[in-house]
Amino acid sequence: MRVSLGALSKHLGGELVGDAQATVSRIGPLESADAQTICFLSNPRYQSQLPASAAGCVIVGPGLRDAAVARGAALICADPYLAYARLTQWWAAQTRGVPIPGIHPSAVVEPGAWIDPQASVGPIAFVGAGARIEAGAVVGAQAHVGVDAMVGQRTVLKPRVVLGDGCCIGARGIVHSGAVIGADGFGFAPAKDEQGGHWEKIEQLGAVVIGDDVEIGANTCIDRGALDDTVLEDGVKLDNLVQIGHNVRIGAHTAFAGCVGVAGSARIGRHCTAGGGAIILGHLEIVDHVHITAATVISRSIHKPGQYSGMFPFDDNASWEKNAATLRHLYTLRERLRALEKKT
Amino acid sequence: MRVSLGALSKHLGGELVGDAQATVSRIGPLESADAQTICFLSNPRYQSQLPASAAGCVIVGPGLRDAAVARGAALICADPYLAYARLTQWWAAQTRGVPIPGIHPSAVVEPGAWIDPQASVGPIAFVGAGARIEAGAVVGAQAHVGVDAMVGQRTVLKPRVVLGDGCCIGARGIVHSGAVIGADGFGFAPAKDEQGGHWEKIEQLGAVVIGDDVEIGANTCIDRGALDDTVLEDGVKLDNLVQIGHNVRIGAHTAFAGCVGVAGSARIGRHCTAGGGAIILGHLEIVDHVHITAATVISRSIHKPGQYSGMFPFDDNASWEKNAATLRHLYTLRERLRALEKKT
Amino acid sequence: MRVSLGALSKHLGGELVGDAQATVSRIGPLESADAQTICFLSNPRYQSQLPASAAGCVIVGPGLRDAAVARGAALICADPYLAYARLTQWWAAQTRGVPIPGIHPSAVVEPGAWIDPQASVGPIAFVGAGARIEAGAVVGAQAHVGVDAMVGQRTVLKPRVVLGDGCCIGARGIVHSGAVIGADGFGFAPAKDEQGGHWEKIEQLGAVVIGDDVEIGANTCIDRGALDDTVLEDGVKLDNLVQIGHNVRIGAHTAFAGCVGVAGSARIGRHCTAGGGAIILGHLEIVDHVHITAATVISRSIHKPGQYSGMFPFDDNASWEKNAATLRHLYTLRERLRALEKKT
């Protein structure tokens, strides 16, 4: 695809400085750009790459206007990172095929399911009895939509998604391949017997309820509630391989990176974030605007917005071994220090 | 569904105090209950919610009998949490459809597979040559059962499960969607070459052998053994996104929460538990009745029952940064303390 | 299968000491071997098991020649672990069926896909428009190959793999069940609105490019790049449930154990390894020959080869609690120590 800077600036807004007839055919990073590449620069840390870049056009904020214009064509936008996001959306819409509404002959649709004529059901998909698919939804190849499940308008279930019985997802959602929504929560009661005891299953009678504009990563799991539902509010974004336990509630516009795990019944606020591999234990509360550093374990409720961290700092193996061995006696060290303080 | 307290107490046992003709139509939490809700109270911590609850009936233990009866109808059971588990099981059996034995026309069954006439094979399932499916087993939509695999009586493979060639699972098991049983263990021998070396694959010739009454979570992986088999004994419960390496042995009635990882050849005892995100390294032994706290890394064998922990305590980011920086010099601190002690 | 020691030594090389006509019918561990079992011994730590083993033949290195020969038949190889790897490969080729080229009638192949007549496409597979499958490739049951994707010669996609649009994998690769290659990277720009803000999707316009001889574990996810591609060089080995973020580059012959997570744009060298559950943060660089201990979090670039570690040492719960509580005041302890040092 080849597009003129004038057409782009018309779509994205902002002020174009340079030849509106000039064209670009690729979005790319600043350091490997050529004359056919449009780039963006939002982080001032990378400003030093600007003068030498061969990019056909650079999207910058007002603060970098002079530096950008000195180099060549520039599109000045209030928020260049957001303009870049919208550019990728526009680009994808132009270059990728739009899913065609309809039902693939290989799909399995159970009697009683209601599918809007504008919806699209992919090859080898499975749609359970009583399921409801709204106009413009796309159900990917080999996806499985359970009994009485609901898929909102223009939501896309990618190939091989499982949406369990009675679970629903709102409008404009994206669920990536391999995600499992609505498996049983992990609930068992200990029962005594002559062999030293066993686990008695607690049937999970709730469902999963997901709002609008939610994105769910590949192979991520969201368990159904035990009695009430597990809830993801509007605008939540989950990366790949995330585990959400039963009866968790995640507030609107909260985003979790890959491999995050949230144990059952945790209640997480709005506009929170968690870095990759963070773990949030069960039955605790986190207020709005809490940001959790990667690989941090949240073991009690957080009542104040802010950034929270707790990872062991890595080191070369020999140094780590010495420090870790000492850490196992840290309490004793404190006692010894206390004794010394009394003495002197 | 609407059911009388008399019918419930007949099924669950225990002593009903209150009107046996009164009905409930929902199981729910104490704090949001109405007159049509039956609740349970097993943790004394929540006892304060009891007087104000509008629940139609509360299941309690003998110790809370007076408090419960003062409020309204109550079912007094020796173990109220276990009674609750059995109530959910009974409820699910009444309200959810029972899978109908038979083979869905979309399923793929290879020649040589033996399927009991009472077994149920779901839509778009795949059953390999020589596979054996026992009476009452349910193989879900788009599940894949490999060559010579075996599924025991009344075991349920949910949609999109993979049970690899030669792997078997006993009776009354539940395997949730996306679980992969019998992928290759991770085994490679380093080989020298002119380019600085490469990895030579060690073919994984063992299988996975799973006992009776085992539940396996969504997207959990259990690798086949290298030479011998990977073994899960009876009653093991694994949550979602758990990784079990090759040749691991997990003792009966052990339960692991989400995101736990167990490296190859670890031998874990009976009646153990591990919290979410715990990691157990390879080639070590853990005795019966060991309980591992969430996010703890078990790096050597454990010979004594008990609770074991090892997570970095989280803090606000600024405090964590100061403490983590000091931790990298902890060994030196100890040396300085020792020097001071000698001096004074 | 029953095979003579002479035939085996002819295939594996090395020097056979013992009766070339004697046969074995199983590869097994030293401690449970019988006269029909062939074993290997490469780790001197297990040497004590040698004299009492009933194995029909033992593969050892030159250093253990005398000890092995004193016991019975032995195959002396320069690298016994590598010989064992090659023995398993040969064994698997003899005992397991070879996939038959062809396309299963249940597979879905979109118009425009090109499939070599020698390739094998399994039952219920899905092959997108414009996809290219090379001679000898095996696409497993219910696998999904996207538009314009490419599968190299003799590469095997196991049942239920997703290879996204435009992604490609080279020759002799193995992708295990449930792996998702080419889901969207996790990229969003924060956008302001009257409700306190939301996330605007950054479309992921890159793909995933995978070299030759790569193995990818079950339920592992490799995201497509934002603008450029995510790249795995030749010979990379990834275990199960690994997460690779967008625009990561992994150097040749690097191997990651289960549950490893790599955040976006990290660049990892050649011949590196990471133990289970390790996390590598984004936008950092790791040189060749870096070895990361299990459960370690790599939070900044590593410029020097070596072993790096950073896990909290586990302990019985009571000791851990005391040490963890003290750790939250470690910085203050240092200040107190400093004050004492000044005083004395």
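Restricting to region C:162-180, give me the number of residues that are more than 9 Å from chain A (Cβ to nearest Cβ) and in contact with a Gly (Cβ under 9 Å, 6 or more places away or on another chain).
The initial filter retains those residues of region C:162-180 that are more than 9 Å from chain A (Cβ to nearest Cβ), namely C:163, C:166-177.
Among the residues that remain, those that are also in contact with a Gly (Cβ under 9 Å, 6 or more places away or on another chain) are: C:163, C:166-173, C:175-177.
Total satisfying the criteria: 12.
Please work out if C:H198 is touching a strand residue (DSSP E or B) at 6+ places or on another chain (Cβ under 8 Å), at negative phi and away from chain A (no Cβ under 12 Å).
Criteria not met by C:H198.
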Problem set entry | Selection count where residues are more than 7 Å from every other protein chain (Cβ to nearest Cβ) and surrounded by fewer than 20 Cβ atoms within 10 Å (Cβ to Cβ), scope region C:300-314 | 5
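Which one of these is assigned by TED's automatic domain parsing to the domain that holds C:G187 and within 25 Å of A:P29 (Cβ to Cβ): C:H271, C:H246, C:H291?
C:H246
Quick one: which of B:A191, B:A171, B:A149 is crowded, with 23+ Cβ neighbours inside 10 Å and among the aliphatic types (A, V, I, L, M)? Steps first, answer last, please.
On the way: B:A191 fails: crowded, with 23+ Cβ neighbours inside 10 Å; B:A171 fails: crowded, with 23+ Cβ neighbours inside 10 Å.
Step by step, each of B:A191, B:A171, B:A149 is checked, and only B:A149 is crowded, with 23+ Cβ neighbours inside 10 Å and among the aliphatic types (A, V, I, L, M).
Could you say which residue among A:G258, A:G275 is among the small types (G, A, S) and farther than 23 Å from C:L327 by Cβ?
Working: A:G275 fails: farther than 23 Å from C:L327 by Cβ.
Result: A:G258 is the single residue among A:G258, A:G275 that is among the small types (G, A, S) and farther than 23 Å from C:L327 by Cβ.
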Seminar exercise, completed: Only one of (1) more than 9 Å from every other protein chain (Cβ to nearest Cβ); (2) β-branched (V, I, T); (3) over 19 Å from the mean Cα position of the chain (by Cα) does not apply to B:T326, and that is (1)
Exercise. Taking B:N43 and the conditions (1) surrounded by fewer than 18 Cβ atoms within 10 Å (Cβ to Cβ); (2) under 20 Å from B:A20 (Cβ atoms), which numbered condition does it fall short on, given that it satisfies the others?
Worked result: (2)
For this session: Using the structure shown, decide if C:E341 is free of Cβ contacts under 8 Å to residues at least 60 places away in the same chain, part of a helix (DSSP H, G or I), among the acidic types (D, E) and at the interface with another protein chain (Cβ under 7 Å from one of its Cβ atoms).
Result: yes
For this session: Identify, from the list C:I38, C:I76, C:I59, C:I27, the residue that is in contact with a Lys or Arg (Cβ under 7 Å, 6 or more places away or on another chain), at negative phi and in contact (Cβ under 8 Å) with a residue 40 or more places away in the chain.
Result: C:I76
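For the structure I just gave you, tell me whether C:A207 is more than 7 Å from every other protein chain (Cβ to nearest Cβ) and not hydroxyl-bearing (S, T, Y). Please lay out each step first, then the result.
Values: more than 7 Å from every other protein chain (Cβ to nearest Cβ): yes; not hydroxyl-bearing (S, T, Y): yes.
Judged against the criteria, C:A207 is a match.
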Seminar exercise, completed: Restricting region B:69-98 to residues that are within 23 Å of the chain's Cα centre (by Cα) and among the basic types (K, R), the one surrounded by the most Cβ atoms within 10 Å (Cβ to Cβ) turns out to be B:R86
Exercise. Can you name the strands (runs of 3 or more DSSP E) wholly within region B:13-105 that have at least 2 residues being at pLDDT 95 or above and in contact with a Pro (Cβ under 6 Å, 6 or more places away or on another chain)?
Worked result: B:57-60
Exercise. Is there a residue being surrounded by 14 or more Cβ atoms within 10 Å (Cβ to Cβ) and within 11 Å of another protein chain (Cβ to nearest Cβ) anywhere in region A:61-68?
Worked result: no
Problem set entry | Selection from region B:194-214 of residues that are outside any loop (DSSP other than H, G, I, E, B) and crowded, with 23+ Cβ neighbours inside 10 Å | B:V208, B:I210
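The values are calculated or read from the model by the stated rules, or taken from the named source; none is laboratory data. These figures come from a predicted structure and were not determined experimentally. Reconstructed Cβ throughout: ideal geometry from the backbone, glycine too, with neighbour counts over all protein chains shown.
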